[in-house]
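The values are calculated or read from the model by the stated rules, or taken from the named source; none is laboratory data. None of these values were measured; they are calculated from a predicted model. Using ideal geometry, Cβ is built from the backbone for each residue, glycine included, and neighbour counts are taken over all protein chains shown. The protein model used for the area step is the full one, side chains on, heavy atoms only, and it has no ligands, DNA or RNA in it. Shrake-Rupley method; radii C 1.70, N 1.55, O 1.52, S 1.80 Å.
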Amino acid sequence: MAGGWARDGAVQDQIDDTVSDAVSAARARLPMGESETWCVECGEEIPEKRRAALPGVKRCVECQSGQDSAVRSAGINRRGSKDSQLR
């Protein structure tokens with residue numbers, strides 16, 4: 001049930017768009033191409049099993065964990081209700 005000026009089903013459309021955007025952003029961050037033998041940040045060797053499991057990897061597990069924790073979502077509020085605008 002939509003409220004205000006929104007049509008029925010608009011909330012689900014907004015949820016679907018948010019999920020779709022998050023999936024697209026995650027896919028864009030996936031490594032591509034040839035894997036590096038050595039980490040591009042710290043210079044440590046990247047284990048062969050990691051390179052085989054994730055083609056295109058450029059960082060060791062520790063550096064990649066730091067990189068992943070620094071990624072923030074856009075946090076776009078797609079809701080158009082008055083309640084969301086008042087918060």
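Observations, loosely collected:
- Scanning segment 6-40 for residues being more than 19 Å from R72 (Cβ to Cβ) and among the charged types (D, E, K, R) gives a total of 6.
- Segment 8-45, subset charged (D, E, K, R) and in contact with a helix residue (DSSP H, G or I) (Cβ under 9 Å, 6 or more places away or on another chain), residue modelled with the lowest pLDDT: R29
- Checked across segment 78-86, the condition of being over 15 Å from the mean Cα position of the chain (by Cα), open to solvent by 80 Å² or more (accessible area, probe 1.4 Å), acidic (D, E) and at pLDDT below 80 holds for at least one residue.
- Search result, residues across segment 7-38 that are charged (D, E, K, R), assigned to a loop (DSSP other than H, G, I, E, B) and surrounded by 10 or more Cβ atoms within 10 Å (Cβ to Cβ): E34, E36
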